[in-house]
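Below: the structure, in structure tokens.
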Amino acid sequence: MSGAKVWALHLAVLVALFAAQYLLPPYHATNLARVLVLALFAMGYNLAFGYTGLLSLGHALFFAGGMFAAGLPAYHFGFSAGPALILSLLGGGVLAGAVGLFALRTAGVSFMIVTLMFAQAGYLTLIYFNAWTGGDQGFAVPASGRSLFGFALSSDGPRFAVAWGLFALGFLVCLALVRSRFGRVMVAMRENEERSRLLGYNPFVVKLIVLVISGLYAGLAGGAWALLFGYAGASFATIQYSILPMLYVLLGGAGTVAGPVLGAALMFWLIELASGLTSAWLFLVGAALVVLVLFAPKGILGWVREKVWRGLP
Amino acid sequence: MSLLEARGLTRHFGGLRAVDGVDFDLRPGEVQGLIGPNGAGKTTFVSLLSGRIPVQSGTIHLAGEDITRLPAQARVRKGLAYTFQITSIFPGLTVFDNVALAVQGGRAQIGSWRGGGAALEAAVAAALGQVGMADLAGQGAGALSYGHQRLLEVAMGLALQPKVLILDEPTQGLAAGEIAGFMALVRGLVPAVSVLLIEHNMEVVMGVADRITVLNFGRVLARGTPAQISADPAVQEAYLGA
Ligand SMILES: Nc1ncnc2c1ncn2[C@@H]1O[C@H](COP(=O)(O)OP(=O)(O)O)[C@@H](O)[C@H]1O
Ligand SMILES: [Mg+2]
């Protein structure tokens with residue numbers, strides 16, 4: 001598949017998402033900003049899970065790590081949004097690297113359990129230091145921390161612009177990465193790790209690099225969430241926030257570049273719609289997921305790749 | 001001088017002496033056959049050479065360098081390539097990507113960070129051409145026929161641009177016509193590449209090997225030229241005459 005066509009298509013997706021803020025009513029434009037930050041998180045998850053086959057249950061730790069790496073300095077030391085975002089990126093990456101050094105000695109179910117334990121330990125740590133972190137209550141990020149180049153991130157325009165900008169950055173990096181030489185090796189790990197070893201690749205090193213990249217995404221998303229929406233709390237380190245990106249990825253299509261944002265958007269508005277219709281909205285969401293697994297087990301874009309366009313990255 | 005040298009190589013599985021103190025030499029530029037009855041320890045022996053299985057005792061040298069403790073992927077990068085007896089490809093990827101992974105992972109490390117480039121494409125095309133699969137590059141590897149998957153396995157070994165190529169029963173499942181082509185291919189590899197060929201098809205191994213080593217119960221039973229081996233009474237009893 002021609003490279004120019006692939007890039008043009010993905011750039012068009014970015015343009016459409018940017019235009020959507022003017023086309024949607026304000027309430028939904030704010031929701032779209034939320035979706036874009038969650039999609040950034042899910043894109044990172046997808047690099048590990050969808051492309052490399054690492055089924056992590058610990059990504060909430062990287063998300064919350066980024067959230068607090070940005071939120072705590074903003075809250076306690078008056079950091080502004082720029083430095084705070086850089087700290088969130090580092091926080092997610094360092095945590096993922098540290099967890100990976102241990103967890104990647106295992107595989108499969110053990111890997112799921114070890115990553116889950118690390119995330120749980122992170123959650124308990126946040127609770128333990130509640131004098132600093134606010135524990136379960138969390139804390140509101142002050143206005144001084146929600147300012148980027150003089151723009152207040154609490155107002156709609158700048159907030160959407162930053163959410164979109166970070167998402168776009170992650171989206172393009174993801175596309176370049178999965179089409180690169182290293183991207184081919186990532187998929188080789190997922191498909192047949194033993195064979196990839198006998199082709200000269202060190203699975204531990206490859207998977208560790210991917211996990212760190214994935215953690216950078218999660219951390220940046222967590223930091224953006226705290227700064228754009230003004231709140232950081234330990235609840236973001238619970239297992240729910242490891243499962244959510246997995247669901248987005250499964251719905252949109254694991255191992256596709258645009259799958260996570262599609263999945264995040266659909267899931268967000270499905271929950272919105274269902275919770276407006278009935279108090280049993282979880283049941284509706286669950287039913288939708290069952291339908292998906294039955295009819296498109298590879299997710300929506302996975303289905304597209306299988307039936308329509310084989311070269312879809 | 002020997003390119004690949006093993007001394008006292010040993011691997012037991014519980015009480016089973018799968019490989020039991022094997023000395024072995026592969027000379028530069030030769031095709032050496034490795035034969036023996038089923039369960040003789042051939043796959044285990046080459047798994048020790050390639051690093052898929054750690055050795056219990058003994059040493060392995062490649063071009064004079066001790067590689068006994070090197071992990072498999074490091075041995076590949078030094079030029080020791082192994083193709084699997086049980087076909088092991090990336091079924092979800094295209095034939096092109098399967099071979100490209102070998103090209104960019106092997107000794108020469110060809111290709112740019114962007115994952116493409118003329119040099120990579122040329123190397124992939126060359127490896128596929130050698131096994132006669134040039135026109136199948138765009139196919140999904142999982143959808144290939146069994147024979148083509150075997151040949152893809154060989155192409156991946158070639159694409160590593162090794163000094164030593166270990167082929168574990170590559171002709172298993174090939175059609176008669178493909179086997180003749182395969183024999184010509186192996187003879188065409190030397191002397192640039194030295195080949196260790198595990199083979200159950202006697203016609204193939206007698207036809208292409210310069211020397212043959214016979215394993216039985218994890219030990220070397222005999223070694224010599226094809227003529228010497230087929231005349232060896234111990235070999236006939238253990239293996240050929242059976
Ligand atoms: N991983 C293993 N665990 C236990 N026994 C094994 C293992 N691999 C091979 N064996 C045994 O070692 C012996 C040699 O096997 P193998 O090397 O595959 O023989 P060959 O390739 O000559 O047919 C056989 O008896 C086999 O059952
Ligand atoms: Mg065998």
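The set of residues from region A:198-252 being closer than 30 Å to B:ILE166 by Cβ, open to solvent by less than 40 Å² (accessible area, probe 1.4 Å) and outside any helix (DSSP H, G or I) comprises A:LEU198, A:LEU199, A:GLY200, A:TYR201. For B:SER47, the conditions (1) in contact (Cβ under 8 Å) with a residue 40 or more places away in the chain; (2) within 16 Å of ligand 2 (Cβ to nearest atom) are fulfilled apart from (1).
Can B:PHE217 be described as more than 30 Å from B:ALA122 (Cβ to Cβ), out of contact with any His (no Cβ under 9 Å at 6 or more places or on another chain), of a type in the set (Phe, Trp, Tyr) and not assigned by TED's automatic domain parsing to the domain that holds B:ALA123?
Working: more than 30 Å from B:ALA122 (Cβ to Cβ): yes; out of contact with any His (no Cβ under 9 Å at 6 or more places or on another chain): yes; of a type in the set (Phe, Trp, Tyr): yes; not assigned by TED's automatic domain parsing to the domain that holds B:ALA123: yes.
Judged against the criteria, B:PHE217 is a match.
Condition test on A:LEU32, is it free of Cβ contacts under 8 Å to residues at least 24 places away in the same chain, farther than 18 Å from A:ALA254 by Cβ and not in a loop (DSSP other than H, G, I, E, B)? It is false that A:LEU32 is free of Cβ contacts under 8 Å to residues at least 24 places away in the same chain, farther than 18 Å from A:ALA254 by Cβ and not in a loop (DSSP other than H, G, I, E, B).
Give the residues of region B:45-75 that are away from ligand 1 (no atom under 16 Å from the Cβ), surrounded by fewer than 22 Cβ atoms within 10 Å (Cβ to Cβ) and not in a strand (DSSP E or B), sorted by residue number.
B:ALA63, B:GLY64, B:ILE67, B:THR68, B:ARG69, B:LEU70, B:PRO71, B:GLN73, B:ALA74, listed by residue number.
The number of residues in region B:136-163 that are more than 13 Å from every other protein chain (Cβ to nearest Cβ) and either closer than 22 Å to B:VAL103 by Cα or within 16 Å of ligand 1 (Cβ to nearest atom) (or both) comes to 9. Among the numbered conditions (1) over 22 Å from A:MET186 (Cβ atoms); (2) open to solvent by 10 Å² or more (accessible area, probe 1.4 Å); (3) under 17 Å from the mean Cα position of the chain (by Cα); (4) within 14 Å of another protein chain (Cβ to nearest Cβ), the only one that B:ASP25 does not meet is (4).
Each row is one residue, and each column tells you yes or no for (1) hydroxyl-bearing (Ser, Thr, Tyr); (2) over 19 Å from the mean Cα position of the chain (by Cα); (3) at the interface with another protein chain (Cβ under 8 Å from one of its Cβ atoms); (4) farther than 18 Å from A:GLU193 by Cβ.
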site: B:GLY79; (1), (2), (3), (4): no, no, no, yes
site: B:LEU93; (1), (2), (3), (4): no, yes, yes, no
site: B:ILE110; (1), (2), (3), (4): no, yes, no, yes
site: B:ALA125; (1), (2), (3), (4): no, yes, no, yes
site: B:ALA134; (1), (2), (3), (4): no, yes, no, yes
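Among the conditions (1) under 27 Å from B:ARG150 (Cβ atoms); (2) away from ligand 2 (no atom under 16 Å from the Cβ); (3) in contact with a Gly (Cβ under 9 Å, 6 or more places away or on another chain); (4) not acidic (Asp, Glu), the only one that B:ASN98 does not satisfy is (3). The single residue among B:GLY177, B:GLY173 that is within 16 Å of ligand 1 (Cβ to nearest atom), open to solvent by 20 Å² or more (accessible area, probe 1.4 Å) and either assigned to a helix (DSSP H, G or I) or assigned by TED's automatic domain parsing to the domain that holds B:LEU34 (or both) turns out to be B:GLY173. Residues in region B:56-77 that are away from chain A (no Cβ under 14 Å) and of a type in the set (Lys, Arg): B:ARG69 alone. Can you confirm whether region B:72-89 contains a residue that is free of Cβ contacts under 8 Å to residues at least 12 places away in the same chain, outside the structural domain of B:LEU197 (by TED's automatic domain parsing) and of a type in the set (Val, Ile, Thr)? Yes; the residues of region B:72-89 include at least one that is free of Cβ contacts under 8 Å to residues at least 12 places away in the same chain, outside the structural domain of B:LEU197 (by TED's automatic domain parsing) and of a type in the set (Val, Ile, Thr).
Taking B:VAL131, is it buried (at least 20 other Cβ atoms within 10 Å of the Cβ) and at pLDDT 95 or above? Criteria not met by B:VAL131. Put simply, of A:LEU47, A:LEU38, A:LEU14, A:LEU126 the only residue that is touching a residue at least 24 places away in the same chain (Cβ under 8 Å), within 15 Å of A:LEU166 (Cβ to Cβ) and buried (at least 23 other Cβ atoms within 10 Å of the Cβ) is A:LEU38.
Filtered by the rule that a residue be within 14 Å of chain B (Cβ to nearest Cβ), outside any helix (DSSP H, G or I) and touching a residue at least 40 places away in the same chain (Cβ under 8 Å), region A:140-197 gives a lone residue, A:ARG179. The residue that is nearest to the other protein chains (Cβ to nearest Cβ), counting only those in region B:95-108 that are open to solvent by 10 Å² or more (accessible area, probe 1.4 Å) and assigned to a helix (DSSP H, G or I), is B:ASP97. Taking only region B:180-226 into account, find how many residues are under 14 Å from the mean Cα position of the chain (by Cα) and within 16 Å of ligand 1 (Cβ to nearest atom). Going through region B:180-226 one residue at a time, the tally reaches 6.
Do we have A:MET112 as surrounded by fewer than 24 Cβ atoms within 10 Å (Cβ to Cβ) and in contact (Cβ under 8 Å) with a residue 24 or more places away in the chain here? Against the criterion (surrounded by fewer than 24 Cβ atoms within 10 Å (Cβ to Cβ) and in contact (Cβ under 8 Å) with a residue 24 or more places away in the chain), A:MET112 qualifies. Is there a residue in region B:9-17 that is more than 16 Å from ligand 2 (Cβ to nearest atom), within 14 Å of chain A (Cβ to nearest Cβ) and surrounded by 15 or more Cβ atoms within 10 Å (Cβ to Cβ)? Checked region B:9-17: no residue is more than 16 Å from ligand 2 (Cβ to nearest atom), within 14 Å of chain A (Cβ to nearest Cβ) and surrounded by 15 or more Cβ atoms within 10 Å (Cβ to Cβ). Scanning region B:25-44 for residues that are away from ligand 2 (no atom under 16 Å from the Cβ) and part of a loop (DSSP other than H, G, I, E, B) returns B:ARG27, B:PRO28, B:GLY29, B:GLU30.
Going residue by residue through region B:190-197, is there one that turns out to be away from chain A (no Cβ under 14 Å), part of a strand (DSSP E or B) and within 16 Å of ligand 2 (Cβ to nearest atom)? Within region B:190-197, one or more residues are away from chain A (no Cβ under 14 Å), part of a strand (DSSP E or B) and within 16 Å of ligand 2 (Cβ to nearest atom).
The values are calculated or read from the model by the stated rules, or taken from the named source; none is laboratory data. Keep in mind that what you see is a predicted model, and the values were worked out from it rather than measured. Glycine also receives a Cβ, built like all others from the backbone with ideal geometry; neighbour counts cover every protein chain displayed. Ligands, DNA and RNA are stripped out before the accessible areas are found, and what is left, the full protein with its side chains, is counted by its heavy atoms. Shrake-Rupley method; radii C 1.70, N 1.55, O 1.52, S 1.80 Å.
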